[in-house]
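Notes for the one structure printed next.
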Amino acid sequence: GKTLPTAITIFGAKGDLTKRKLIPALYNLYTDKHLPPVFTITCVDFLPEDEAAFKLDLLDGINTFSRNGKADEKEWEGFAKHISYLQGDFLKADTYNALKAKLDGFEKINKKNATHIFYFAVAPRFIEIIADALYKHKLCLREELDRIVVEKPFGTDLDTAKKLNRFLTKRFAEQQIYRIDHYLGKEAVQNIMAFRFANYVFEPLWNKDFVDHVQISVAEEVGVGKRGGYYDGAGALRDMVQNHLLQLLCIVAMDCPKFYKSELIRDSKTKVLKDIRPYTPAQVFKNVIRGQYTAGNVHGTPRLSYRKEEHVQPASNTETFVAARLFIDNDRWKGVPFFLRTGKSMPVQSSVIVVQFKDAPNKIFKDDITPNRLIISIQPELEISLLFESKVPGLKMKLKPVEMDFTYQESYTETIPEAYEALLLDVLDGNTTLFMRADQVEAAWKVVMPIVDAWKKYPAKQLHLYKAGTWGPSAATDILKPYAKDWFRLS
Ligand code: BG6
């Protein structure tokens, strides 16, 4: 369907996501000639907008947020011609009638069926409303051609996620539904499958016999910013762990699928989630640490305490930091802890996966031996390095760990696309590999539900405060023992 005329509809045209991510991504796809020859982008939102002013605001979004910086004037002009603004209330039939007229007109002019993509860049309360309207207005019935793209949060717990899945799958085929987890579109994340399954030096070691433990860290410098209204009801567990961190864990821990095929890859990832050991409430408090930032300093800029941030309850117990020790009870990973950590107002912005191997069994050297470590940096640096022991040059047998490094910068001249570019292109191509299937989302919720429940039952128990600009509560380090003294030092 790549060369078919394509009509993209974005619900939530005035939202942050459209301006920061979607339009810059579509613009870059356009300038790189990845969009189909005939396409149209209809941006729908509630308020009346002067179309020219609306487009200028989108241009400002590209200039500010695109990986390529400022837009090229000519290219922008060409691109902007394809964009239109449709004022409409998501709750009213008029909106969908107007949209239908537009989409029908688009097909008529082109004398061809068109691919229809409906992007839900809206608050969660609108998802079912819009989905139902698309269904009733017969806008999204053709399995091969019509697609919806749904952003997170996908439910707020297992029950609401199931309910939403049932609601959507009653109206659309599963293959029409693209549930986004943008971490799966990140270049360095996609590379993990290649790294693991196209090479043979690591995979034989990728199991409980050789791996001591795994650390997955996603540290963010940013605080809650202006998103308090959403975030205070969500917290880091729902905002980051349920989706992004668990997906990283799946890619690290999954078995090799039989073929590089969407369903097989997603089966393999889902199996990891199903094998994660569920915790009792007591185990939750032993294995999962939550924290909340207090006033501090991030890079010399003062940061308010979380409870004083905009739209945050003054006595909020919402966690802005989570560290967890999880176990995958299958043959490959039995007994190997996976440590997950994420937080806001951390000292650096950095996402890194560390696979630490077991101690060398040969004890023939006097020096303490540092275990081998494979370090996969996802952002902002894209890099894979292997730490190993080596003899320091000189007359004595003295050891010191050194690093073997692969950086994208040195190895490639290609530019690195944004996650949203990769994912939007996949939607255009009808490729669901990097999207979350219904059962995957539910399996991920199942993993975090014992934690959600335990914290709900004991809202203030063991909520550790940490100063903004620090590495989180010290309790987060305690759960590493005896596997490591400290978390891998991010920089
Ligand atoms: C989003 C979360 O899904 O991911 C945000 O809602 C978070 O809270 C963001 O900041 C992080 O994404 P990235 O791509 O900047 O690492």
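Values for this structure:
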| quantity | calculated |
| --- | --- |
| In region 111-121, residue farthest from the chain's Cα centre (by Cα) [restricted to those that are surrounded by fewer than 16 Cβ atoms within 10 Å (Cβ to Cβ) and touching a residue at least 60 places away in the same chain (Cβ under 8 Å)] | Lys112 |
| In region 66-104, residue surrounded by the most Cβ atoms within 10 Å (Cβ to Cβ) [restricted to those that are among the aromatic types (Phe, Trp, Tyr) and not in a helix (DSSP H, G or I)] | Tyr85 |
| Within region 1-14, considering residues that are assigned to a loop (DSSP other than H, G, I, E, B) and modelled with pLDDT of 95 or more, the one nearest to Ile109 (Cα to Cα) | Pro5 |
| Residues of region 48-65 classified as touching a Phe, Trp or Tyr at 6+ places or on another chain (Cβ under 9 Å) and aromatic (Phe, Trp, Tyr), total | 1 |
| Test: Ala198 is under 22 Å from the mean Cα position of the chain (by Cα), of a type in the set (Gly, Ala, Ser) and surrounded by fewer than 18 Cβ atoms within 10 Å (Cβ to Cβ) | no |
| Residue match in region 48-57 (condition: within 23 Å of Gln379 (Cα to Cα), touching a residue at least 40 places away in the same chain (Cβ under 8 Å) and part of a helix (DSSP H, G or I)) | no |
| Test: residue in region 452-465 that is among the small types (Gly, Ala, Ser) and touching a Ser or Thr at 6+ places or on another chain (Cβ under 6 Å) | no |
| Restricting region 305-347 to residues that are within 14 Å of the ligand (Cβ to nearest atom) and in contact with a Lys or Arg (Cβ under 7 Å, 6 or more places away or on another chain), the residue that is farthest from Thr280 (Cα to Cα) | Ser345 |
| Hey, Ala131 more than 24 Å from Thr3 (Cβ to Cβ), open to solvent by 10 Å² or more (accessible area, probe 1.4 Å) and not aromatic (Phe, Trp, Tyr) or not | no |
| Per-region count, region 28-47, residues part of a helix (DSSP H, G or I) and surrounded by fewer than 20 Cβ atoms within 10 Å (Cβ to Cβ) | 2 |
| Answer residue from region 448-469, given it is assigned to a loop (DSSP other than H, G, I, E, B) and under 26 Å from the mean Cα position of the chain (by Cα) and is surrounded by the fewest Cβ atoms within 10 Å (Cβ to Cβ) among those | Gly469 |
| When residues of region 192-208 are limited to those that are part of a helix (DSSP H, G or I) and either without any contact (Cβ under 8 Å) to a residue 24 or more places away in the chain or of a type in the set (Val, Ile, Thr) (or both), the one nearest to Ala121 (Cα to Cα) | Ile192 |
| In region 135-168, the residues that are open to solvent by 60 Å² or more (accessible area, probe 1.4 Å), in contact (Cβ under 8 Å) with a residue 60 or more places away in the chain and in contact with a helix residue (DSSP H, G or I) (Cβ under 7 Å, 6 or more places away or on another chain) | Thr156, Lys162 |
| Residue list for region 305-320, filter: part of a loop (DSSP other than H, G, I, E, B), within 26 Å of the chain's Cα centre (by Cα) and not small (Gly, Ala, Ser) | Glu309, Glu310, His311, Val312, Asn317, Thr318, Glu319, Thr320 |
| Any hit, region 169-187, residues being hydrophobic (A, V, I, L, M, F, W, C), modelled with pLDDT of 95 or more, part of a helix (DSSP H, G or I) and surrounded by 17 or more Cβ atoms within 10 Å (Cβ to Cβ) | yes |
| Residues that are open to solvent by 10 Å² or more (accessible area, probe 1.4 Å) and in a loop (DSSP other than H, G, I, E, B), drawn from region 321-336 | Asp329, Asn330, Asp331, Arg332, Lys334, Gly335 |
| The lone exception for Pro124 - which of (1) open to solvent by 50 Å² or more (accessible area, probe 1.4 Å); (2) more than 20 Å from Glu151 (Cβ to Cβ); (3) in contact (Cβ under 8 Å) with a residue 24 or more places away in the chain it fails | (2) |
| Matching residues, region 1-52, being among the aromatic types (Phe, Trp, Tyr) and either under 24 Å from the mean Cα position of the chain (by Cα) or over 21 Å from Ile148 (Cβ atoms) (or both) | Phe11, Tyr27, Tyr30 |
| Test result for Ile192, modelled with pLDDT of 95 or more, within 16 Å of the ligand (Cβ to nearest atom) and within 16 Å of Trp333 (Cα to Cα) | no |
| Test: Ser316 is open to solvent by 10 Å² or more (accessible area, probe 1.4 Å) and farther than 24 Å from Ser377 by Cβ | no |
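Table: residues versus (1) of a type in the set (A, V, I, L, M); (2) within 16 Å of the ligand (Cβ to nearest atom).
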residue	(1), (2)
Tyr135	no, no
Glu143	no, no
Ile148	yes, no
His182	no, yes
Glu187	no, yes
Val201	yes, no
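The values are calculated or read from the model by the stated rules, or taken from the named source; none is laboratory data. Values in this document were obtained by computation on a predicted structure and should not be read as measured data. Here the Cβ is made from the backbone with ideal geometry for all residues, glycine too, and neighbour counts use every protein chain on show. Each accessible area value is taken on the protein alone, full model and side chains, heavy atoms only, with ligands, DNA and RNA left out. Shrake-Rupley method; radii C 1.70, N 1.55, O 1.52, S 1.80 Å.
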